[in-house]
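Here is the structure we will look at.
Any read-out appearing in this document is the output of simple, stated calculations on the displayed coordinates, not a laboratory observation. On a predicted model such as this, the values are computed, not experimentally measured, just so you know. Ideal geometry is used to build each Cβ from the backbone, glycine not excepted, and the neighbour counts take in all protein chains shown.
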Amino acid sequence: QVQLVESGGGLVQPGGSLRLSCVGSGSTFKSMGWYRQAPGKQRELVATISSRETTKYADFVQGRFTISGDLAKNMVYLQMNDLKPDDTAVYYCNGDSIWFNEYWGQGTQVTVAS
């Protein structure tokens, strides 16, 4: 069974920071990433990293987030700084396997509020 498990979400004040972690099992991934979904909105890309360590970010990140990880160990992280209320969402870990399948974690809630 392929699993992706996120952790690190929580409640943080505007301007604060959180570090999300994801660990996968049951597969090998050629890329991993983070997506988020706020109520009433579609799921959107936050950042991705490939096994070659190529990274991509959504425009709204604006330099505030950093994705890192060790795909050989099925681990990926998202350091989020200067969080804004609009960052409030469920954040999902994503993995694209070398067998051309896509997997999702259960999500971790990030709430940015005073």
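Laid out as a table, the results:
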| read-out | value |
| --- | --- |
| Rounded if a/c under 1.5, otherwise prolate or oblate - segment 66-108, Cα gyration tensor axes | oblate |
| Distance between segment 10-25 and segment 63-114 - C-alpha centres, whole angstrom | 8 |
| Length released on extending from Phe60 to Val5, taking residue separation times 0.36 nm less the Cα-Cα span | 17.4 nm |
| Eligible lysines near Lys84 by straight Cα distance, threshold 18 Å, same-chain separation 8 or greater | Lys41 |
| Inter-label distance for Lys73 and Trp104, nm, one decimal - labels placed 7 Å from Cα along Cα-to-Cβ | 2.8 |
| Charged-residue dipole, Cβ positions (Lys, Arg, Asp, Glu), the chain about Cα centre, Debye nearest 20 | 40 |
| Cut-off 15 Å between beta-carbons: net charge of the residues surrounding Gln37, Lys and Arg +1, Asp and Glu -1 | -1 |
| Taking N as its residue count, the alpha carbon Rg of the chain over 2.2 N^0.38 Å | 1.00 |
| Estimated D of segment 34-88 in µm² per second, where Rh is the Kirkwood radius over Cα pairs and Stokes-Einstein applies at 20 °C, 1.002 mPa s | 178 |
